[in-house]
Amino acid sequence: MSIDPVITVENLGKRYTLHHQAARGSLREKITSTLHAPVRWLRSKSAEQPATREEFWALREVNFSINRGEVVGIIGRNGAGKSTLLKILSRITEPTTGWVTLRGRVASLLEVGTGFHPELTGRENIFLNGAILGMGRAEIRRKFDEIIAFAEVEKFLDTPVKYYSSGMYVRLAFAVAAHLEPEILIIDEVLAVGDAAFQQKCLGKIGAVARGGRTVLFVSHNMGAVQNLCSRAILLASGRVVEAGPTRQIVARYLEFADQVYGQRTWSVAEAPNDGQVLRVMAIRVTASDGSLAQIVPVEQTFQVEIDYEILAPVSRLWVGFTIETASGDVVFCAGDQNFSQQAQLPRGPGRYRSRCTVPANLLNEDHYTLSLLSHIPGIREVIRPTRALQLNTVQRDAIAGGGRQPGFVRPVLDWTITPLPSSP
Amino acid sequence: MTDTPNPSEAPTLVLEAGRTEAHYWRDLWRYRELFLFLTWRDLLVRYKQTAVGVAWALIQPAMTTAVFCIFGQILKLPTGGVPRPILIFAAQLPWQFFSSSLSSSSNSLVSSANLISKVYFPRLIIPFSAVVVSLVDFLISAAFLALLMAIYGVVPDARVLALPLFLFVAFGAALGAGLWLTALNVKYRDFRFVLPFIIQFGLYVSPVAFTSNLVPARWRTLYELNPMVGIIDGFRWALLRGAAPPPWSSLAYSCALVAVLLVTGVWYFRKTEKTFADVI
C-alpha cells in the first residue's frame with residue numbers, strides 16, 4: 001500500500017442558511033425583500049438585521065486526508081455533518097470554504113436504488129441505475145450476469161420492480177452499485193436495509209472492494225460494521241472532526257460521546273415516559289448483585305434491572321419491560337415482567353410499583369449495551385414505545401481461552417466434556 | 001469502447017467554493033449515456049402504463065385542432081385556400097411541441113429532486129432530456145400531419161426542407177425558457193403557477209387558430225415579440241403553399257429572442273446549478 005493521499009480535505013466548511021418562517025424562500029419574500037432593500041440599507045447603519053434567517057455551519061474547518069487503499073469509517077451522531085461531507089465529496093453540493101482534492105474516479109452510493117423506476121423491469125433498471133452511478137453501457141453489459149447472480153433475482157428480470165419484494169429490490173439495487181469499479185467508493189448507510197444474511201454479503205463485497213486496493217469511505221451508525229470493515233475512523237461532531245485514528249479507539253470515543261446515562265435514569269413528572277392514561281415510568285436502574293448501582297458489570301456475575309413506575313388507572317395484563325441492544329442496534333433479548341409472573345396478569349389499581357428482574361451470569365458477552373424501556377398490553381396496544389434509557393458495559397474478568405473478547409452476542413458457559421475415542425482398528 | 005468510459009477519469013479533481021468547472025461541457029459529453037438513459041426511461045415509462053399508448057401524443061393536438069376548426073368556420077377566418085384542418089394542425093404541431101416541452105422541462109428538476117440530491121451529474125441533462133422526450137411526441141404528430149395532408153391532397157414543395165430549421169428554433173425556444181423556469185422553480189415554487197399562464201396565454205397570442213396576416217400593422221411589433229410567431233409562420237410557410245408570406249422579419253425576431261433566451265437560460269442555470277441540491 002503506497003502512502004499517497006487520494007482524498008485531501010482542507011479547511012472544509014459548508015454553511016446553510018435557515019429560513020425560520022417559510023421552509024424555502026418564496027418569490028413573494030424575495031420581492032418584498034428587494035422592495036425593502038433601500039429602507040434596510042438606511043436602517044442597517046443603525047440597527048441590525050431582523051433575525052429571520054440564521055446561518056448554520058454543517059461542516060467547519062474539517063481537515064483530513066485518506067490514502068490509497070484505506071477503508072475509513074466516518075461516524076458521528078445525527079446532524080454531525082456526515083451526510084454533508086459525503087455530499088461535498090460526491091460533488092452533489094459545493095463547499096462554502098476550503099477545498100477537496102480527489103485523485104481518481106469517484107462513485108458514491110448515498111442511497112440504494114437511486115433512480116430506480118417502479119414501472120421498469122429489473123433488467124431495465126440495472127442499465128438505468130448503472131448509468132446513473134456512472135457506468136457505461138458496455139461496462140454494465142459485461143457485468144450483467146454477475147450483477148443478477150449477486151442479486152439473486154434471475155427469475156424476475158423482466159418483471160417491473162414495483163412487484164418486487166422490498167428485499168429483492170434492495171438486493172438488486174445494491175448489486176448494481178457493488179459492481180462499480182471506482183478508485184474511490186463512498187457509501188452512506190446503505191446497509192441499514194435488507195436481511196441479516198444479505199447485509200453480511202454486502203459487507204463482504206465492500207471488504208473485497210477494499211482489498212482490491214480501492215479507497216472506501218464508509219458512513220454508518222452500525223458500529224459493528226464500521227469496526228469490521230474500517231482500519232481507520234473519523235469522528236465528527238457538530239460539523240468538526242473530533243478525532244481521527246484507529247477504528248476501535250474512535251468507536252469507543254463515539255460511544256462515550258453519545259448522550260449516555262449509566263447506572264440509573266430517573267425522570268421528572270414532566271419528562272417521564274408515559275401514555276397519558278395508565279402508566280408513567282419514574283426510573284430504570286441496573287444494580288450489581290450487592291445492590292449498588294452498576295455502570296459496568298462483570299460478565300460472570302448476575303445483575304438486576306429495576307423499573308419504577310406509577311399506574312394511573314386500574315389496568316390488567318400490563319407488561320413493563322426492556323430490551324438490551326448492542327451498539328450496532330441488534331436486540332440481544334427483550335424481557336418483561338409478565339413473562340413468568342402470574343402476579344402481573346391480575347388487574348392492578350393505581351399506585352407505585354417496582355418490577356425487578358435478575359439477568360443471569362454468563363449470558364451477555366463483553367460489550368457495550370443500550371437498555372430501552374417499553375411497555376404494552378399484549379394483544380391490545382402499545383403503552384410506551386421503545387425508549388432508549390440506559391447504557392451498560394460488560395467486562396469479562398476471567399479471560400477465556402487465552403483472553404480477549406469472543407465473537408457473538410452471548411457468551412454462555414457451556415458444559416464440555418472431553419473423552420478420548422478408541423483408535424480405529 | 002474503453003473499460004471505464006465514464007466520468008472523472010481526469011486523475012485529479014479539486015472541489016472548491018465558486019470554482020467554475022473547466023470541464024463542464026466535456027463532462028456533459030461524458031454523461032451522454034446518462035442523458036440517453038433518462039430519455040429512454042421517460043419514453044418507456046410514459047407509454048408503458050397507458051392503455052392508449054402512443055395515441056396520447058395525438059389526441060390533444062387533434063382535439064384542439066378540431067375545436068379551432070369549428071370556431072374558425074363560425075368566425076369565417078380566412079385560410080388562404082388551404083384546408084382548414086391542415087392550416088391549423090400545421091401550426092398546432094410546433095405550438096404543441098413548444099408547450100409540452102416547456103412544461104415538462106420546467107418541472108423536470110423538481111421531479112428529479114431525488115436524483116439531484118443523491119448523485120452528481122451535469123444537471124443540464126435533465127431539462128434537455130425533457131425537451132427531447134417531447135420531440136418524440138412531435139415526430140408522432142408530424143407523421144399524423146403527413147397522413148392528414150395526404151388525405152387532403154396537400155403536397156408540400158421544396159420549402160419543406162427548411163422545416164428542420166424552424167424545428168431547431170422551436171427547440172431552442174423551449175429549452176431556453178425551460179432552463180429559466182426549471183432553475184427558478186427549484187428555489188421559488190411560485191413558477192409552477194406561472195407556467196400554465198404562459199402556455200394558455202401563449203396560445204391566444206400565437207397564430208394557431210388564426211393567421212398572422214390578420215394582425216393589424218400597428219400591433220405587429222408587439223405581436224412579433226412572441227418568438228413562437230416566427231416559428232409557427234415558418235412551419236406554415238414550409239408546409240403549405242401560399243398559406244403565408246415568407247416570415248423573414250418575424251423569424252429574425254424569433255431567432256434573436258431565442259438566442260437571448262438560450263444564452264441567459266444556460267447562464268442562469270449554470271449559476272444556480274450548484275445550489276440545487278441544497279434547496280430542492
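So A:Gly134 clears everything in (1) of a type outside the set (S, T, N, Q); (2) at the interface with chain B (Cβ under 10 Å from one of its Cβ atoms); (3) buried (at least 20 other Cβ atoms within 10 Å of the Cβ); (4) touching a helix residue (DSSP H, G or I) at 6+ places or on another chain (Cβ under 7 Å) except one condition, right? Which one?
Condition (4) is where A:Gly134 drops out.
Using the structure shown, decide if B:Ser106 is free of Cβ contacts under 8 Å to residues at least 60 places away in the same chain, crowded, with 22+ Cβ neighbours inside 10 Å, in a helix (DSSP H, G or I) and touching a helix residue (DSSP H, G or I) at 6+ places or on another chain (Cβ under 8 Å).
Judged against the criteria, B:Ser106 is not a match.
If you go through the range B:199-207 one residue at a time, do you hit one that is surrounded by fewer than 20 Cβ atoms within 10 Å (Cβ to Cβ), closer than 30 Å to B:Tyr152 by Cβ and modelled with pLDDT under 85? Walk me through how you get there before you give the answer.
Residues of the range B:199-207 surrounded by fewer than 20 Cβ atoms within 10 Å (Cβ to Cβ): B:199-205.
Filter once more, so that each one left must be closer than 30 Å to B:Tyr152 by Cβ: B:199-200, B:202-205.
Filter again for modelled with pLDDT under 85, leaving none.
Looking through the range B:199-207, none of the residues is surrounded by fewer than 20 Cβ atoms within 10 Å (Cβ to Cβ), closer than 30 Å to B:Tyr152 by Cβ and modelled with pLDDT under 85.
Of the residues A:Phe144, A:Phe127, A:Phe156, A:Phe116, which single one is at the interface with chain B (Cβ under 9 Å from one of its Cβ atoms) and farther than 30 Å from A:Glu61 by Cα? I'd like the intermediate steps shown before the answer.
Details: A:Phe144 fails: at the interface with chain B (Cβ under 9 Å from one of its Cβ atoms); A:Phe156 fails: at the interface with chain B (Cβ under 9 Å from one of its Cβ atoms); A:Phe116 fails: at the interface with chain B (Cβ under 9 Å from one of its Cβ atoms).
Just one listed residue meets the conditions, A:Phe127.
Looking only at residues in the range A:101-113 that are farther than 25 Å from A:His221 by Cβ and modelled with pLDDT under 85, which one is farthest from the other protein chains (Cβ to nearest Cβ)?
Among those that are farther than 25 Å from A:His221 by Cβ and modelled with pLDDT under 85, it is A:Gly104.
What single numbered condition from (1) over 14 Å from B:Ala209 (Cβ atoms); (2) free of Cβ contacts under 8 Å to residues at least 12 places away in the same chain; (3) more than 14 Å from chain A (Cβ to nearest Cβ) fails to hold for B:Leu75?
(1)
Of these, B:Gln73, B:Gln92, which one is part of a helix (DSSP H, G or I) and either surrounded by fewer than 19 Cβ atoms within 10 Å (Cβ to Cβ) or more than 16 Å from the chain's Cα centre (by Cα) (or both)? Reasoning before the result, please.
Numbers: B:Gln92 fails: either surrounded by fewer than 19 Cβ atoms within 10 Å (Cβ to Cβ) or more than 16 Å from the chain's Cα centre (by Cα) (or both).
Matching residue, one of B:Gln73, B:Gln92: B:Gln73.
Is it the case that the range B:79-89 has a residue that's in contact (Cβ under 8 Å) with a residue 24 or more places away in the chain and loosely packed, with under 12 Cβ neighbours inside 10 Å?
Checked the range B:79-89: at least one residue is in contact (Cβ under 8 Å) with a residue 24 or more places away in the chain and loosely packed, with under 12 Cβ neighbours inside 10 Å.
Can you list residue pairs whose Cβ atoms sit under 8 Å apart, with the first residue in the range A:84-98 being more than 7 Å from chain B (Cβ to nearest Cβ) and farther than 11 Å from A:Trp57 by Cα and the second being acidic (Asp, Glu) and part of a strand (DSSP E or B)? Count only pairs 6 or more apart in sequence or on different chains.
Final answer for the pair search is A:Leu86/A:Asp188; A:Gly98/A:Glu10; A:Gly98/A:Glu61; A:Gly98/B:Glu16.
Quick check on my filter: what residues within the range B:28-48 are touching a residue at least 60 places away in the same chain (Cβ under 8 Å) and within 10 Å of chain A (Cβ to nearest Cβ)? I'd like the intermediate steps shown before the answer.
Taking the range B:28-48 as the starting set, the residues that turn out to be touching a residue at least 60 places away in the same chain (Cβ under 8 Å) are B:28, B:31, B:34-35, B:38-39, B:42-43, B:46.
Matches in the range B:28-48: B:Tyr31, B:Leu34, B:Phe35, B:Leu38, B:Asp42, B:Arg46.
Out of the range A:255-310, which residues are in a loop (DSSP other than H, G, I, E, B) and within 30 Å of A:Val242 (Cα to Cα)?
A:Ala258, A:Asp259, A:Gln260, A:Val261, A:Gly263, A:Ala294, A:Gln295
Among the residues of the range A:159-179 satisfying the criterion of being out of contact with any helix residue (DSSP H, G or I) (no Cβ under 7 Å at 6 or more places or on another chain) and at pLDDT 85 or above, which is farthest from the other protein chains (Cβ to nearest Cβ)?
A:Tyr163
I'd like the full set of residues that are in contact with an Asp or Glu (Cβ under 8 Å, 6 or more places away or on another chain) and closer than 19 Å to A:Arg356 by Cα, limited to the range A:312-331. Outline the logic, then answer.
Step one: list which residues in the range A:312-331 are in contact with an Asp or Glu (Cβ under 8 Å, 6 or more places away or on another chain), which gives A:319-321, A:326-327, A:331.
Those that are in contact with an Asp or Glu (Cβ under 8 Å, 6 or more places away or on another chain) and closer than 19 Å to A:Arg356 by Cα: A:Trp319, A:Val320, A:Gly321.
Would you call A:Ile234 touching a strand residue (DSSP E or B) at 6+ places or on another chain (Cβ under 8 Å) and assigned to a helix (DSSP H, G or I)? Break it down into steps so the answer makes sense when it comes.
Values: touching a strand residue (DSSP E or B) at 6+ places or on another chain (Cβ under 8 Å): yes; assigned to a helix (DSSP H, G or I): no.
Judged against the criteria, A:Ile234 is not a match.
The values are calculated or read from the model by the stated rules, or taken from the named source; none is laboratory data. Only a predicted model underlies this, so the values are computations on that prediction, with no experimental measurement involved. Neighbour counts are summed over all protein chains in view; Cβ atoms, including those assigned to glycine, are modelled from backbone coordinates with ideal geometry.
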